[in-house]
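The structure appears right after this line, and notes come after that.
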Amino acid sequence: EPPANTFFVFVAELESDLLPTIQSRCQISSFKPIDLEAIQAALIKLGCKENLAGFYASNSEGSLGKAIESFQNIEQLREHEELFVACLRGAFKASGNKSVVIDLMTWANTVGALGRTVQKEFLLYNLSFIRQALLVSYQTEALVNFQSLTGFCLEKFAPFVHGANIEDINQAIEDAIYLIERNGNAKIILLDLSMQLTRYLHQKEEK
């Protein structure tokens, strides 16, 4: 038996992930996501610029720790943007251009050489990037918190993300995350993702 005043704390993202036999022996406490304005204010106090604080907060999923980590790792965020923009530009040019396919293979090898944790973070960043582009595409700029660290113009890219391809693009990225989490060959997975983006970004929106 444990000594007096000993407490065991179990943490799970979803209560439904816990076995009923464990739930029945626990006192359940739920923690709601932190308000985005509160996260933004906390980041500004740490010296983050207001526009970037809004970006980090909107991508934090209500986690102050995640927002602070993004702020402290701004160079990695810049690298994520550079790599994804390179993929998107290659995807636009690759249709009917075999030489660009070689560039996408080089891109896949570059990202595939990163650690799996970084690869997953990169792909999660891609999801956020695409969703921000969709918001711009449908003229809901009030909800957009994207701030480019590389000079990329999201407004020019946004029209290529729309109702006819957003689900396919999201699914392709989520599938890549799933496969990388299960130790698939990252270079093959990422090359396949880039080729899928080539097809989806050339898809026209139905009027």
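No value in this document is a laboratory result; all are computed from the given coordinates. Because the structure is a prediction, the values reported are computed rather than measured. Don't worry about glycine lacking a Cβ; one is built from the backbone with ideal geometry, like all the others, and counts go over all protein chains shown.
Does anyone have the angle between helix 186-201 and the longest principal axis of the chain? Alpha-carbon axes, 0 to 90°, nearest 10?
60
For K187, give me every one of the lysines with a C-alpha distance below 17 angstrom, ignoring sequence neighbours fewer than eight places off in its own chain.
Straight-distance partners of K187: K120.
So, in Å, what gap is there between the alpha-carbon centers of the range 152-179 and the range 68-89?
17
If you fit an axis through the alpha-carbon atoms of helix 74-94 and take the longest principal axis of the Cα set of the chain, what angle between them do you get, 0 to 90°, nearest 10?
In the chain, helix 74-94 runs at an angle near 40 degrees to the longest axis.
Considering the alpha-carbon set of the range 30-104 alone, what are its Rg and its Dmax in angstrom?
That works out to 17.2, 53 Å for Rg and Dmax.
As a check on your grasp of the helix formula, calculate [θ] at 222 nm for the chain: sum -39500 (n - 2.57) over DSSP H runs of n ≥ 4, divide by the residue count, round to the nearest 500.
Taken over the chain, the calculation gives -19000 deg cm²/dmol.
Quick one: if you stick a label point 7 Å off each Cα along the C-beta vector at T106 and Q76, how many nm between them?
Going from the T106 label point to the Q76 one covers 2.7 nm.
Once you've got the Cα coordinates, tell me which of K45/K66; K66/K156; K93/K204; K32/K156 are over 26 Å apart.
K66/K156; K32/K156
Once both axes come from the Cα atoms, what is the angle between helix 98-112 and the longest principal axis of the chain, in degrees from 0 to 90, rounded to 10?
Helix 98-112 sits at roughly 20 degrees to that axis.
Take the alpha carbon gyration tensor of the range 46-192, find the square roots of its eigenvalues, order them as a ≥ b ≥ c, and report rounded if a/c is under 1.5; if not, report prolate when a/b exceeds b/c, else oblate.
It comes out oblate by the Cα gyration axes.
Spelling out what I want: for every residue of the range 158-170, take phi, set θ = phi - 60°, compute 6.51 cos²θ - 1.76 cosθ + 1.60 (Karplus), and round to whole Hz; glycine and proline get x.
3, x, 8, 10, 7, x, 7, 10, 4, 5, 5, 5, 4
Please work out the FRET efficiency for the pair R199 and S29, using the Cβ-Cβ distance as r and a Förster radius of 35 Å; give the result to the nearest 0.05.
Efficiency, rounded to the nearest 0.05: 0.15.
Give the residue from L52, N97, V9 lying farthest towards the positive end of the charge dipole for the chain; charges sit on Cβ (+1 for Lys and Arg, -1 for Asp and Glu) and the dipole is referred to the Cα centre.
So the residue we want is N97.
Using every Cα-Cα pair within the range 117-164, state what percent have a distance larger than 17 Å.
Within the range 117-164, distances greater than 17 Å cover 34 percent of Cα pairs.
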